[in-house]
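The values are calculated or read from the model by the stated rules, or taken from the named source; none is laboratory data. Just so it is clear, the model here is predicted, and its values are computed rather than measured. Note that we place each Cβ from the backbone using ideal geometry, even for glycine, and neighbour counts take in every protein chain shown.
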Amino acid sequence: MINTDGTAYAEYEVRTTNNNVITSDLLYLYSSPGSTVLLSSTTQDEALLPGPIIPDGQGGLLATWTISPSNPPVLQYPYQAAEVSAGVVGTPYNLPFSPQSVTPFVSPTLVLGENGVAFASGTTTATVNGTPTQVSQVASFNLSSGAPNWTYQATAGDTLSIIEATAGGGVTVNNSNTGVFNLNSSGISNSNSRASRLAGNASSSTVSSLPSGAVPFDLSTWVSAAAGALTALWNPNGTNGIPTLLAQSASPQKNGNQQGQSLPPYCQRKNVNCALAPVSDMQVGPNQDTIQVRQVKYSLFNLQNGTLKPLVGPSQNPPPVKIELWEAHATSSSAIICDWQTNNPASMCESPNDHDGSGQFTDNMGAMLIPYTVDQQFLVDRQGVQVFWPNSNGSWYGAWGAPSSPPPGFQPNQTSNTTIGWATISQINPNTNAPAACSKTDCDTMLPQAGPPSK
């Protein structure tokens, strides 16, 4: 695992045996460039098997391992965890899973939620019709103490797997039989699935329209291997109960970032404060419909000490991110916008695409023959970022977005007033108290309210 500060971590075991009996077992946590701490030790005839590691969001990490006796029975709580901060190992605690057996290198899957909460999925033992039965479970617990917040179990035979922690303290889960659903911060499901929450009765509302096994491929597209073929599905606007925003944490997805590299998402790493700003702003066209278009290219910047520093450009490796534009509240029903219900690859609502590489996004702001207004939100790896525009005084002002308003999770940064041939842009709640600097060679200086450029 690589933490937010770039430090790599790995667990390893040192085992001593005599006539196939374990006489000593030591479990260490190694961190680059060569530091090692002892996580746990035993002189019993049992192995300490390395488990997953995730960032804790505070510069430390959560390390896990499995206690595996050479002879049955398995311990009631074989999965262990401890928070490690500045090389100091906290008090180990039990993860709330009681499997009937343990397997080397098979441990609960972990993701980091918000506000010191972590989620895990794995197997545990429940009494079904009077018989101890192995079932699949998702648990929410306090990262520091291990105290469970809630647990949620599936019907015997179904498998629960965590997809991602979501904004607002919830977690999205896939049930191998009934499909994708979300558990909120109280562990209550919004699905009519056959799973039940141990902390109380699950409520029922909408059923996910996504098929079993669907997983997020990028910002708005989910992928399913139904019928043996990979099928891309456009995620609706959240009304199916599946949130569209990741938790604001350092490891909201299994294996870390979207590329599965056990890294935090790029914009959540140490010394990275992602923002977008226009780098090119021009009029193009007329096109085949004789409509001229304002074409704005946005690029990814790192906002540090009040200065926008480019992350894309000559001699730089583009950051591994996906940028998406969400639009809503269009005043014309004929407008083609980047909403959640438009499965239209030609609309170029996300990047990388055929025209934009990683870290850049081009918005072709053109109305057909009917002027309209639309609100716009920009996201990087499914999380909102500030959008900076130049001001006439030579500074750039950023806007995080307006308070949450329908559709769910939509927080617009700006409003586009689009007419034939041009569009003017109004930032929503710009932070004029914290202007940023950006060199004219890196950021475009055309004002958002500017009219069409002269030919």
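The table for this structure:
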{"quantity": "Test: residue in region 101-108 that is in a loop (DSSP other than H, G, I, E, B), among the hydrophobic types (A, V, I, L, M, F, W, C) and crowded, with 22+ Cβ neighbours inside 10 Å", "calculated": "no"}
{"quantity": "Whichever residue in region 128-141 is out of contact with any strand residue (DSSP E or B) (no Cβ under 7 Å at 6 or more places or on another chain) and in a strand (DSSP E or B) and, among such residues, is nearest to Asn115 (Cα to Cα)", "calculated": "Val128"}
{"quantity": "Selection count where residues are over 14 Å from Met365 (Cβ atoms), without any contact (Cβ under 8 Å) to a residue 40 or more places away in the chain and outside any strand (DSSP E or B), scope region 414-455", "calculated": "6"}
{"quantity": "Filtered residues of region 70-88 (kept if assigned to a strand (DSSP E or B) and surrounded by fewer than 16 Cβ atoms within 10 Å (Cβ to Cβ))", "calculated": "Ser85, Val88"}
{"quantity": "Condition met for Leu303 (in the same structural domain as Ser405 (by TED's automatic domain parsing), touching a strand residue (DSSP E or B) at 6+ places or on another chain (Cβ under 7 Å), closer than 24 Å to Met282 by Cβ and buried (at least 16 other Cβ atoms within 10 Å of the Cβ))", "calculated": "no"}
{"quantity": "Failed criterion for Pro408 (all others in (1) outside the structural domain of Leu276 (by TED's automatic domain parsing); (2) at pLDDT below 85 hold)", "calculated": "(1)"}
{"quantity": "Some residue of region 296-313 being closer than 21 Å to Phe410 by Cβ and polar (S, T, N, Q)", "calculated": "no"}
{"quantity": "Condition met for Ser121 (hydroxyl-bearing (Ser, Thr, Tyr), outside any strand (DSSP E or B) and either buried (at least 18 other Cβ atoms within 10 Å of the Cβ) or in contact (Cβ under 8 Å) with a residue 12 or more places away in the chain (or both))", "calculated": "no"}
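So that you can scan it fast, the table gives a plain yes or no per residue for (1) of a type in the set (Gly, Ala, Ser); (2) surrounded by fewer than 22 Cβ atoms within 10 Å (Cβ to Cβ); (3) farther than 28 Å from Thr4 by Cα:
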residue	(1), (2), (3)
Val14	no, yes, no
Ile22	no, yes, yes
Pro33	no, yes, no
Thr36	no, yes, no
Gln44	no, yes, yes
Leu49	no, no, no
Ile54	no, no, no
Gly59	yes, yes, no
Trp65	no, no, no
